[in-house]
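Below is one structure, written out as structure tokens; comments come after it.
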Amino acid sequence: MSDLKTKANDADVGQFLAKVPDAQKRADSDTLMRLMKKVTGEDARMWGGSIIGFGSYHYKYKSGRSGNWMTTGFSPRKAALTVYIMQGFSEHDDLMQKLGRYKTGRSCLYIKRLSDVDLSILEQLIERSYRYIRDNYPPGKD
């Protein structure tokens, strides 16, 4: 079994964000950092080379594979801001209907610009998912 390549590291979050070429994406990333810090009370940390994460938890699959992952986070990808909602979206239909313009993957919320969504709804979504993971999974270890 191979090790997970995306792990928490000590790379500088500010330096990473300073290199984001799109000014609006940099500004949106600053807003997301403040929002996630407020919700989680955790400091931002780089995960791999392009994800900014907050908190961590330990997971273990039925197969026996286990590891640590961020409790929530985001990445300023070229196509869209990717917000990681680790709980997924099935429990959040009420919020998703009010959020605005977005796309989803399994646990990824893709937003072109933060102006496309209601930030107060996004904050609630992040808080619910963060709280669920925090309350149902043991803390991760570095």
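Read-outs: derived from the displayed coordinates by stated rules, not from any lab. It should be emphasised that the depicted structure is a prediction, and the values quoted were computed from it without experimental measurement. Methodologically, a virtual Cβ is constructed for each residue, glycine included, from the backbone with ideal geometry; neighbour enumeration extends over all protein chains shown.
Segment 32-72 and segment 78-142 have Cα centres spaced 13 Å apart.
Determine the alpha carbon to alpha carbon distance for each of Lys112/Lys141; Lys62/Lys141; Lys62/Lys98 and list only those over 29 Å. Present the calculation step by step, with values, prior to reporting the outcome.
Details: Lys112/Lys141 32 Å; Lys62/Lys141 20 Å; Lys62/Lys98 35 Å.
Result: Lys112/Lys141; Lys62/Lys98 exceed 29 Å.
Count the net charge of all other residues whose Cβ sits under 15 Å from the Cβ of Arg131, scoring Lys and Arg as +1 and Asp and Glu as -1. Local net charge: -2. Estimated at 0.36 nm per residue, the fully extended path between Lys62 and Asn136 surpasses their Cα-Cα distance by 25.0 nm. Loop-located trypsin sites (Lys or Arg not before Pro) across segment 99-142 with a Cβ neighbour count of 15 or fewer within 10 Å are Arg101, Arg106, Arg113, Lys141, with loop assigned by DSSP.
Among 73-86, 9-22, how do they line up from the highest to the lowest mean number of other beta-carbon atoms within 10 Å?
On the way: 73-86: 19.9, 9-22: 11.9.
Ranked from most to least packed, the peptides come out as 73-86, 9-22.
A simple count of charges around Val20, restricted to other residues whose Cβ falls under 15 Å of its Cβ and scoring Lys, Arg +1 and Asp, Glu -1, yields +3.
Counting Lys and Arg as +1 and Asp and Glu as -1 over every other residue whose Cβ lies under 14 Å from the Cβ of Lys112, the net charge comes to +3.
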